[in-house]
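Enquirer: Could you have a look at this structure, given as structure tokens, before my questions?
The values are calculated or read from the model by the stated rules, or taken from the named source; none is laboratory data. Predicted model only: the values in this text are computed from it and were never measured. Because the Cβ atoms are built from the backbone with ideal geometry, glycine has one as well, and the counts that use them run over all protein chains shown. Surface accessibility is based on the protein's heavy atoms, side chains included, excluding ligands, DNA and RNA. Shrake-Rupley method; radii C 1.70, N 1.55, O 1.52, S 1.80 Å.
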Protein chains: 2
Amino acid sequence: MMDTSESTASRFLKSALTEESPFQTTAEAVAWLNATGKERRFTVTRIPFEQLGEWSFLAGSGDLVHRSGKFFRVHGVRVHTEFGTLPDWDQPIIDQPEIGILGIIAREIDGVLHLLMQAKMEPGNPFGVQLSPTVQATRSNYTQVHQGSRPLYLDYFFDRSLARVLVDQLQWEQGSAFLGKRNRNIVVEVNDDVPLEENFRWLTLGQIKKLHAQPNLINMDTRTVVACMPLAEARGAAKRDVPRGAATFGEEVLASFRSVRGRLSDDALLNWLTDLKCRVDHRVERVGLADLSGWKQTGEEIAREDGRFFKVIAVNVEADSREVMRWSQPLIAGVDRGVIGLLVSRIDDVLHALIQARAEPGSPDALTLAPTVHCALGYRRRGESDAAPFVDAIENAGPDQIRYSAIQSEEGGRFYRVDSEYRIVEIDNGEKLALPPNYAWVTFRQLQDLLRHGYVSVEARSLLSCLAFT
Amino acid sequence: MMDTSESTASRFLKSALTEESPFQTTAEAVAWLNATGKERRFTVTRIPFEQLGEWSFLAGSGDLVHRSGKFFRVHGVRVHTEFGTLPDWDQPIIDQPEIGILGIIAREIDGVLHLLMQAKMEPGNPFGVQLSPTVQATRSNYTQVHQGSRPLYLDYFFDRSLARVLVDQLQWEQGSAFLGKRNRNIVVEVNDDVPLEENFRWLTLGQIKKLHAQPNLINMDTRTVVACMPLAEARGAAKRDVPRGAATFGEEVLASFRSVRGRLSDDALLNWLTDLKCRVDHRVERVGLADLSGWKQTGEEIAREDGRFFKVIAVNVEADSREVMRWSQPLIAGVDRGVIGLLVSRIDDVLHALIQARAEPGSPDALTLAPTVHCALGYRRRGESDAAPFVDAIENAGPDQIRYSAIQSEEGGRFYRVDSEYRIVEIDNGEKLALPPNYAWVTFRQLQDLLRHGYVSVEARSLLSCLAFT
């Protein structure tokens, strides 16, 4: 059994507040990522499905599978839900029930936790390399189904004599595209120095947070692990109010992370979610990829007849520095850039965030806690009758309301250039907003508590990761 | 959206500390249950499967199903696990994916919350009636698949103008016998008086807790709902130490419910569980009831060839006061009385409980947090090589160590006279005990926090319910 220091949260917080590092400035980290991206060639070409060497469509179901039976399978689901504006639909989904690992090595340097980050390519990245965790590996990946090289630094996450655990949580990925996919989000602190491999650098959490201001520089895997790092003690924190106008936005967020009370009690929040889960009929039935209604398959893509939402495509990848040098694989391509937005407001002197309970076909238990606006994978159609609530408040926010805004992409190992504008918008008098029954105002402390237990969507975790405090 | 008072926990605690009620003494409540049991005839007869009118075995799979396709289905699972002493086994399992409701109406009377409880028969009860929640109904039950009468008081749980929610949590039932079965555990407080129907009484929580000292008087459904009632604020509690020897056992338990710190931090506890979930291979594959290896089926039962664990049987039920007057159904019968035991110990001046992460075929995510000793459904074989850890410490405890001990039965709607000895045993120097990696000492506050999110097994919840403070 492991143990963690009582002050893990304060150590992460200190790192989040530190932009100075003996290794590089934040600007130098950006330059390093850009230079690494230019240096490394990575050619991704769309190909017809029939050129997917190791992948093929099963007779009968039409499911897209790998010859080894490993990695993942693309099949279909038929969704019936009382949630949201669309009651029934079919869609392809990626079935990958394994638990992968997203791991970051931490080390205290000059009294501040530094995180060992990697400049890493993925075939679906919008461009260049992205800042990635020390290790990101599917189970197939690290148990060598790839026949590729073993991921660097892997032992530090499994051998407790080399490092101790600071964070270790199971987190779900996109429930709109994955059927129950999750990753172990883990941060370990090494006892001794570790060898610094090519394309790896030590950064403070504050530097990483500052890099979130740039478009597409931080990959999704980093964002979800960063969101799991506690910034306030799980227990026993005192309420600390910050008088209006006397604090920066970052300080208000931190005060909300430390706040004991919210607009809803923790019990009331759980009751709200239980009620939704019990009242709302939401069924997901597995169907063959060949049996999807409303979708058409050509030699090059599987897409909706009306062109909305997303497509399944195939790509060939040639890399110069990956575990396997050349391969082909299916990917999910978006149709339109998405919008992921969080409304925040001071309510009873504490900053609250507006979350929604959102039904997703691949989420455990149907519902996941998502940001105020979740319009990813082209699910957005402004002005259409099925437009999401509050999308105008996010998109039409004035510059004085926007606390964060940048384009961020989804995981490039499964998604082909899928990105969204991630935004945090502050409004006045949030408590006066009329809310649909599946929306609730919560403090950041409540959000962090729920996150620990797997309630919070990867898109909401991404937004938490984007929060900077300096 | 509902809200709950900040003082819900203190109101439940006050009720838990109150044995006085204007309606009856605790002794009179016992007499009422016994008298009601004598008055009401309820004849349960074992029958051959072929006499199960509405139930039959499907051709091919051999699964046992109801003609309507509703209620539940008995099929098989094949388990492969690295957890525990048995790596591979087949077993029948009850597949009932609906969310049922276990609801208790609360009302403040003379300043103390009283709970509206029912004297209720179930076909599998060891004898007589048991104290049951106001409402216990499967979804089929309350949506009238039974064609029986609608459960009394049901509206109070769905109409928010009649009552407000105090507790509302989704909780899993026996993962050893059910595939993902769970119930909504809900307590609502009525605004006005409610009509008192026959076989219903108002009791304080303290009276209910005192009745747990009697064998088989409190049904499982009551125990799980009682365990969900908070006894300390979810947040912001101050640490309160009780000097050794200066407090009763009940006061020590309550101090542990309020304790901020435990031997493991909350994060370390979650990390421990994540690590187990990721490291341990545990797979459950669905198979037909006819394809179970190591089981044999006769006209009257499905049992293991070696006679261990449990059986599937069929019964005919004739009742004088149930929604449906006469019916037949399958039930799970145990082979031996079980032992469910919790070791507790003062560690760092706070009472801790020893829990185990236990793999169960029907549990979400494979692992559930179970008591120190979980030997239900005849899984116990003292002295055998696969005996559970700590079973001796529970069974051979001296009278000065036993803090609770009584026979309690599992849910009589699915289990036929399945009961276990539930025990809480206090030991000195628990921190010196050598623990297998899947065991951990936790405070009662930590256990309650995890319970809210569905981590804690129904057997562990039962033991929490048995704790009395007067």
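Enquirer: Work out the charge dipole of segment B:336-470 with +1 on the Cβ of Lys and Arg and -1 on the Cβ of Asp and Glu about the Cα centre, then indicate which of B:Ala440, B:His352, B:Phe469 is farthest towards its positive end.
Expert: B:Phe469
Enquirer: At 0.36 nm per residue, minus the direct Cα-Cα distance, what do A:Arg308 and A:Leu58 gain on full extension? Give it in nm, one decimal, please. Walk me through the numbers before you get to the answer.
Expert: Numbers: separation 250, 0.36 × 250 = 90.00 nm, distance 2.55 nm.
Extra length available between A:Arg308 and A:Leu58 comes to 87.4 nm.
Enquirer: While we're here: Over segment A:16-74, consider all pairs of different Cα atoms and compute the Kirkwood hydrodynamic radius from their mean reciprocal separation; express it in Å, one decimal. Working shown, then result.
Expert: On the way: mean 1/r = 0.0633 Å⁻¹.
Hydrodynamic radius (Kirkwood, Cα pairs) of segment A:16-74 is 15.8 Å.
Enquirer: Can I ask one more? Give the B-A buried accessible area in Å², both sides summed, 1.4 Å probe, nearest 100. It would help to have the intermediate numbers written out before the result.
Expert: Working: alone 19070 and 19090 Å², together 34000 Å².
The contact between A and B buries close to 4200 Å².
Enquirer: Which of the lysines could be linked to B:Lys14 by a straight reach, that is with a Cα gap under 23 Å, when you skip same-chain ones fewer than 8 residues away?
Expert: Within reach: B:Lys209, B:Lys210, B:Lys239.
Enquirer: Could you tell me how far the Cα centroid of segment A:94-132 sits from the Cα centroid of segment B:287-350, in Å?
Expert: 48
Enquirer: Distances from B:Leu58 to the same residue in each other copy, label points 7 Å out along Cα→Cβ, in nm, shortest first?
Expert: 1.8
Enquirer: For label points placed 7 Å from Cα toward Cβ, what is the shortest-first list of nm distances from A:Glu39 to its copies?
Expert: Those label-point separations list as 8.6 nm.
Enquirer: Taking all protein chains as present, what is the carbon and sulfur share of the accessible area of segment A:252-309, in % to the nearest whole number, probe 1.4 Å? Intermediate results must be reported in sequence, preceding the final value.
Expert: On the way: 950 of 2360 Å².
Result for segment A:252-309: 40 percent of the exposed heavy-atom area is carbon or sulfur.
Enquirer: Right, next: When all C-alpha to C-alpha distances in segment B:332-470 are sorted into bins of 10 Å, what percent of pairs does each bin hold, rounded to whole numbers?
Expert: It works out to 12, 43, 37, 8, 0, in whole percents.
Enquirer: Send over a whole-number figure in Å² for the accessible area per residue of segment A:90-146, probe 1.4 Å. Write out the running numbers ahead of the final one.
Expert: Working: 1310 Å² over 57 residues.
Accessible area per residue: 23 Å².
Enquirer: From the Cα trace of the protein assembly as shown, what convex hull volume per residue do you get, rounded to a whole Å³? Working shown, then result.
Expert: Working: hull volume 157.9 nm³, N = 940.
Convex hull volume per residue, Cα atoms: 168 Å³.
Enquirer: Step through the table entries A:Lys181/A:Lys296; A:Lys70/A:Lys181; A:Lys277/B:Lys181; B:Lys70/B:Lys181, compare each Cα-Cα distance with 20 Å, and write down the pairs that go over it. Display every interim value, and only then the final one.
Expert: Values: A:Lys181/A:Lys296 25 Å; A:Lys70/A:Lys181 14 Å; A:Lys277/B:Lys181 14 Å; B:Lys70/B:Lys181 14 Å.
Violating the 20 Å Cα-Cα cut-off are A:Lys181/A:Lys296.
Enquirer: Also, quick follow-up: What's the FRET efficiency of B:His80 with B:Lys432 using the Cβ-Cβ distance as r and R₀ = 30 Å, to the nearest 0.05? Write down the numbers at each step before the final one.
Expert: On the way: r = 35 Å, r/R0 = 1.16.
According to the calculation, E is roughly 0.30.
Enquirer: How much length, in nm to one decimal, is gained on full extension between A:Phe127 and A:His453, taken as 0.36 nm per residue of separation minus their Cα-Cα distance? Before the final figure, lay out the partial values.
Expert: On the way: separation 326, 0.36 × 326 = 117.36 nm, distance 3.33 nm.
In short, 114.0 nm is gained.
Enquirer: Let me ask something additional. What residue of chain B sits with its beta carbon nearest the rotation axis taking B to A, and at what distance in whole Å?
Expert: Taking Cβ atoms only, the nearest residue and its distance are B:His453, 2.
Enquirer: Got a number for carbon plus sulfur as a percent of segment A:128-227's accessible area, 1.4 Å probe? Don't skip to the end; give the middle numbers.
Expert: Details: 1390 of 3000 Å².
Carbon with sulfur: 46 percent of the solvent-accessible area.
Enquirer: How far is A:Lys296 from itself in the other copies, in nm, if each label sits 7 Å out from Cα along the Cα-Cβ line, shortest first?
Expert: Shortest to longest, the spacings are 6.1 nm.
Enquirer: Let me ask something else about it. 7 Å from Cα along Cα→Cβ at both A:Leu162 and A:Ala27: what's the point-to-point distance in nm?
Expert: Spacing of the two 7 Å Cα→Cβ label points: 3.7 nm.
Enquirer: Calculate the FRET efficiency for B:Val190 and B:Arg67 from the Cβ-Cβ distance with a Förster distance of 30 Å, rounded to the nearest 0.05. Walk me through the intermediate numbers first.
Expert: Values: r = 38 Å, r/R0 = 1.27.
The computed FRET efficiency comes out at 0.20.
Enquirer: Counting each pair of different Cα atoms once, what's the Kirkwood radius of chain A in Å, rounded to one decimal? Can you show the working numbers first?
Expert: Working: mean 1/r = 0.0438 Å⁻¹.
Result for chain A stands at 22.8 Å.
Enquirer: Once you place label points 7 Å from the Cα toward the Cβ at A:Ser10 and A:Ile402, how far apart are they in nm?
Expert: Taking the two extended label points, one gets 3.8 nm.
Enquirer: How big is segment A:421-470 by Rg and Dmax over its Cα atoms, in Å?
Expert: 12.3, 35
Enquirer: Scattering from the C-alpha atoms of segment B:247-381 alone, worked out with Debye: what is log10 I(q)/I(0) at q = 0.14, 0.22 1/Å?
Expert: Calculated log10 I(q)/I(0) at the listed q: -0.92, -1.36.
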